[in-house]
1. If you stretched the chain out fully between SER28 and ARG2, how much longer would it get, using 0.36 nm times the residue separation minus the C-alpha to C-alpha distance?
2. So for the stretch 3-159, what are the equivalent ellipsoid semi-axes in whole Å, largest first, each being the square root of 5 times an eigenvalue of the Cα gyration tensor?
3. List, in order, the whole-Hz ³J(HN,Hα) value for each residue of the stretch 48-53 obtained from phi through the Karplus relation with A = 6.51, B = -1.76, C = 1.60 and θ = phi - 60°; use x for Gly and Pro.
4. How would you rank MET21, MET16, going from fewest to most other Cβ atoms within 10 Å of each one's own Cβ?
5. With an 8 Å cut-off on Cα pairs and a minimum separation of 6 or more residues, tell me the relative contact order of the stretch 3-159 in percent.
6. Would you mind ranking PHE68, PHE74 so that the residue whose beta carbon has the fewest other beta carbons within 10 Å leads the list?
7. Along the Cα→Cβ direction, 7 angstrom out, place labels at ARG89 and ASP126. What is the inter-label distance in nm?
8. Need the full-extension length gain, GLU164 to LEU76, defined as separation in residues times 0.36 nm minus the C-alpha distance. One decimal, nm.
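FYI, it's all coordinate maths here, none of it is from the lab. Keep in mind that what you see is a predicted model, and the values were worked out from it rather than measured. Here the Cβ is made from the backbone with ideal geometry for all residues, glycine too, and neighbour counts use every protein chain on show.
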Amino acid sequence: MRPKFLIFALTFPIIMVLDVMTKRWALSELAQFDHGHELLGGLVPLTLAFNKGAAFGMRVSEDSRWFFIPVTIFALILLAVLYKEAEQRDFLRTSSISLVVSGAIGNLYDRVRWDRGVVDFLGPVDLGRWDFPIFNVADMAITCGAVLLARSFWLEEKEERTREAAAEATLAEGDVTETGGSDGATEAPPESPGPASSS
């Protein structure tokens with residue numbers, strides 16, 4: 001099995017199962033206002049919410065369901081192209097794409113199956129000056145994957161710049177060698193004619 005396909009085959013079902021199961025649990029356990037569930041000693045409260053916008057509660061309009069569905073599908077097509085073009089052993093690029101695709105499909109499933117929005121339940125997290133919006137497992141996969149994908153592009157650009165610099169250095173070294181060779185070869189001075197003989 002190809003390494004690229006193996007990474008996706010492992011990532012996708014894990015994220016999807018975690019996302020679906022945790023959302024199902026949230027729908028059944030967090031429907032009451034006085035549920036008292038929290039994580040990490042109260043640092044992350046668990047609150048059921050239905051998000052009709054983008055990740056982490058960002059909205060475009062009151063009902064943006066039919067905006068985000070085609071946008072998500074278009075993004076998935078672009079990610080599929082990136083996945084196809086990725087090298088077999090480019091683990092960073094493949095892992096990042098697999099995470100983003102898995103999270104995007106997890107949230108897309110919620111948008112397609114009903115008009116209530118995406119099920120969120122983690123948060124809001126009190127950061128002092130503001131509260132971090134409520135999110136879910138799919139949002140975490142998208143965010144982590146996007147960060148890794150950005151790093152993958154950065155490393156690719158850095159490697160490309162390194163190759164270009166090395167090529168320019170090699171070309172410059174070749175020019176210097178050719179110039180030095182032409183300067184070192186000096187032509188012999190023409191022989192001066194001897195004294196004319198007297199008859």
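1. Using 0.36 nm per residue and subtracting the Cα-Cα distance, I get 5.4 nm.
2. 29, 18, 15
3. 6, 8, 10, 9, 8, x
4. Details: MET21 11, MET16 18.
Ordered by Cβ neighbours within 10 Å, fewest first: MET21, MET16.
5. Once normalised by length, the contact order is 33 percent.
6. In order of increasing Cβ crowding within 10 Å: PHE74, PHE68.
7. Between ARG89 and ASP126, the label points sit 5.1 nm apart.
8. 28.5 nm
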